[in-house]
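Data first, discussion second: the structure below is written as structure tokens.
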Amino acid sequence: MFKNVIVRVPSKNISEGITSVDEGKPIYEKALVQHENYVSALTKAGVNVTVLEPKDDFPDSCFVEDVALCTSKCAIITRPGALSRQEEANLPDMLEALTQFYDTIEYITEPGTVEAGDIMMVGDHFYIGLSERTNIDGANQMIAILEKHGLSGEVVELSEVLHLKTGLSYLENNHLLVSGEFKTAPQFEAFNKIAIDDDEAYGANCIWVNDYVLVPKGYPKVQQKIEALGYNVIVVDTSEFRKIDGGLSCLSLRF
Ligand code: CIR
């Protein structure tokens, strides 16, 4: 069960967020409304939501998932691989928020880089994607911290997507949404894999929150497959975040 979630209101400069797609720039006012609806969906799923103030100097700062990993034992502040995002991890209000919930805060340090969008939690085990944002030094630091707290981690190579969880979502009960390169990855053989078609690949980024699953709007085949597993689905429009490579998981820390 998740009890708590931390989110950050989108920056006025969200249109300047990093992107790899050519889908136009996010419209700030629309992003704000979509973010409010996201918070409402989380509230419906029964979690307590801490909403941090926007940070206009950081166009990507609504994607709080990348700046910390929240485990059952400690929170780990990351060191993002994207230079324009590195200071997001040091914003004092995030540290303050985490300190309210955690006695132990750990840190990834130079030359390690980690964006926690690359980390998927499965119980006490954490899969850590090696990407353009998360390097092996960062992954090894993360594994050492996890092991120090009685948890475990392993690395996963990835090449096609931005972050590990761009293409994978763990829905608990051994159910794993998989798209693209992860459909055949040997590390995920033991899961009940739910394969997502390439034309709905963005829909592979869903979030499980206490038997609800939040699914992005516009991915009917993904929605149907998740409903068939017996989950209550809440559909959330993320069109503005998609324009800068962001999805449902990226917008929150859940713990
Ligand atoms: C970035 O490129 O860093 C942002 N525009 C998108 C971050 C998405 N975060 C995530 O997948 N966890």
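The values are calculated or read from the model by the stated rules, or taken from the named source; none is laboratory data. Computed from a predicted structure; not experimentally measured. Backbone-built Cβ (ideal geometry, glycine too); neighbour counts: all protein chains shown. Note: accessible area is taken over every heavy atom of the protein model, side chains too, but ligands, DNA and RNA are not part of it. Shrake-Rupley method; radii C 1.70, N 1.55, O 1.52, S 1.80 Å.
Summed over region 1-37, the residues that are away from the ligand (no atom under 14 Å from the Cβ) and of a type in the set (Ser, Thr, Tyr) give a count of 1.
Inside region 166-182, residues that are more than 11 Å from the ligand (Cβ to nearest atom), closer than 20 Å to VAL209 by Cβ and open to solvent by 10 Å² or more (accessible area, probe 1.4 Å) make up a count of 5. Which of the residues spanning region 10-38 are under 18 Å from LEU214 (Cβ atoms), aliphatic (A, V, I, L, M) and crowded, with 18+ Cβ neighbours inside 10 Å? Across region 10-38, the qualifying residue is only ALA31.
For region 69-90, the set of residues classified as open to solvent by less than 20 Å² (accessible area, probe 1.4 Å), farther than 17 Å from LYS148 by Cα and either more than 15 Å from the ligand (Cβ to nearest atom) or touching a residue at least 24 places away in the same chain (Cβ under 8 Å) (or both) consists of PRO80, ALA82, ARG85, GLU88, listed by residue number.
For residues in region 195-211 being part of a strand (DSSP E or B) and open to solvent by less than 10 Å² (accessible area, probe 1.4 Å), which is farthest from the ligand (Cβ to nearest atom)? So, considering only residues that are part of a strand (DSSP E or B) and open to solvent by less than 10 Å² (accessible area, probe 1.4 Å), the one farthest from the ligand (Cβ to nearest atom) is VAL209.
Say we look at region 43-58 and pick out the residues that are out of contact with any helix residue (DSSP H, G or I) (no Cβ under 9 Å at 6 or more places or on another chain) and open to solvent by less than 30 Å² (accessible area, probe 1.4 Å); which of these is nearest to ARG254 (Cα to Cα)? Among those residues, the one meeting the criterion is VAL47.
Taking the numbered list (1) assigned to a loop (DSSP other than H, G, I, E, B); (2) of a type in the set (Asp, Glu); (3) without any contact (Cβ under 8 Å) to a residue 60 or more places away in the chain in turn, ASP93 passes all entries but (1). Candidates HIS163, HIS149, HIS125: the one that is away from the ligand (no atom under 16 Å from the Cβ) and touching a residue at least 40 places away in the same chain (Cβ under 8 Å) is HIS149. The residue that is nearest to the ligand (Cβ to nearest atom), counting only those in region 128-137 that are closer than 13 Å to LEU164 by Cβ and not polar (S, T, N, Q), is ARG133.
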